[in-house]
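Engineer: I have a structure I would like to understand better, so I am pasting it below and will then ask my questions one at a time.
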Amino acid sequence: MEVALIQVPYMIGDERHGGSKGPARYLDAGLERLLGDAGVASSVVRIDRTESFRDSASASRVVNTKVQKAVRNAIGRRQLPLILAGSCDVSMGVLAAFDHSQCGVVWIDAHADFNTPESTVSGFFAGMSLAVISGHCYRSLWAEIGDSTPVPEAAIVLLGLRDLSPAAERERLAASSIRVVGWRDGMPDRDVGQVLDVLAKRVQEVYLHIDMDALDPRVASGVVDEPVPGGLSLEQMQETIRAVCTRFGVRAATIATYNPERDRNGITLRTGLALIETLARACARPDERRDH
């Protein structure tokens, strides 16, 4: 299977933020050649907003409508959509592109992104991304983009969590049916494989969403939000990606929030490239997947 690299050079629809530069940096660093050397064919599609920036929500809607079309086209060509994005709100466009009523979500992130307009204290739109796709807010906005069927909470696994804000978000998550694997001092607080096995009893396919801030700052300091210590190592993230790909068919995957302006000595870039290669090899080459 060929990989469609969908370049989304925006942070919540805004091209002025440092996170918007991450997708192009991967490509400038030779991502296509890297995948080719790994035996994975790829093509690149760039998303352009084409309209003036008015506010985050409307700009996100415009960008995600174009993401939806690009992902839909890639799936139609039997490609694996691999979205390189500046922010996590891109999940709206990805899931809107296909019937995801029987599809789960594996969300790897230091944050829950589970705030709503009522619970947030910052108003940060991307910090509501998981709440949006699980049907808690912005239903009408998502419906303008495409298929807005909420993903059931019980079909969502959240890995790498170690930073919740405010207290209302913690309460919302605790009251939900989302299965959470927190990360403390570089280690998970539950067995990742067992949690994925429970999800595999419910769904056969998933959308895999990776926020680079799930990684420990020692290997990924160049991210949009302030880095949170104690996260996944590169090896742990690679192992987790393989664990997902051995259990599920991956309909689409996202790598989000790389900010080159905050990257120390290029280590985050190298980490991101390694993860993308791992993901492409594990998810786009089903012949290398073992039955689970």
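Just so it is clear, none of the values below were taken in a lab; they were calculated from the coordinates. Worth saying up front: this structure is predicted, and the values here are computed from it rather than measured. In this analysis, Cβ positions are derived from the backbone assuming ideal geometry, glycine residues included, and neighbour counts consider all displayed protein chains.
Engineer: Please build a GNM for the chain, connecting alpha carbons under 10 Å apart, and tell me which residue among ILE267, ILE210, ILE83 fluctuates the most.
Structural biologist: Between ILE267, ILE210, ILE83, it is ILE267 that shows the largest mean-square fluctuation.
Engineer: Hey, got the dipole for the chain? About the Cα centre, +1 on K and R Cβ, -1 on D and E Cβ, debye to the nearest 20?
Structural biologist: Dipole about the Cα centre, nearest 20: 560 debye.
Engineer: Moving on to the next point. Which whole-Hz couplings ³J(HN,Hα) result when phi for each residue of the range 176-185 is put into the Karplus expression 6.51 cos²θ - 1.76 cosθ + 1.60, θ = phi - 60°, listed in order with x for Gly and Pro?
Structural biologist: So the Karplus estimates, Gly and Pro as x, are 8, 9, 5, 8, 10, 10, x, 10, 9, 6 Hz.
Engineer: Let me ask another. If you take the Cα Rg of the range 3-288 and divide it by 2.2 N^0.38 Å, with N the number of residues, what do you get?
Structural biologist: Compactness ratio reported: 0.89.
Engineer: So, one more: Tally Lys and Arg at +1 and Asp and Glu at -1 over the other residues with C-beta under 11 Å from the C-beta of GLU51: what net charge comes out?
Structural biologist: +3
Engineer: Another question about this same structure. Considering amide H positions built from the backbone, and no H for Pro or chain starts, which residues 5 or more places from VAL180, or on another chain, come under 5 Å of its amide H?
Structural biologist: HN-HN under 5 Å from VAL180: LEU158.
Engineer: Is any helix in the chain, taking whole DSSP H runs, at least 18 angstrom long along its axis by alpha carbon and on average at least -1.0 on the Kyte-Doolittle scale, and which ones?
Structural biologist: Once both thresholds are applied, what remains is 56-76, 234-247, 267-284.
Engineer: Another one. I need the trypsin sites (Lys or Arg not before Pro) found in the range 18-104, filtered to DSSP loop residues with at most 12 other beta carbons within 10 Å of theirs.
Structural biologist: Loop-located and lightly packed - ARG54, ARG77, ARG78.
Engineer: Right, here's the next one. Highest first, please rank the peptides 92-103, 126-137, 194-205 by the mean number of other Cβ atoms sitting within 10 Å of their residues.
Structural biologist: The packing order, highest mean first, is 126-137, 92-103, 194-205.
Engineer: Another question about this same structure. Order the peptides 218-224, 140-146 from the highest to the lowest mean number of other Cβ atoms within 10 Å of their residues.
Structural biologist: 218-224, 140-146
Engineer: At 222 nm, what helix-only mean residue ellipticity would the chain give, in deg cm²/dmol to the nearest 500, using -39500 (n - 2.57) for each DSSP H run of four or more?
Structural biologist: Counting only the DSSP helices, I get -10500 deg cm²/dmol.
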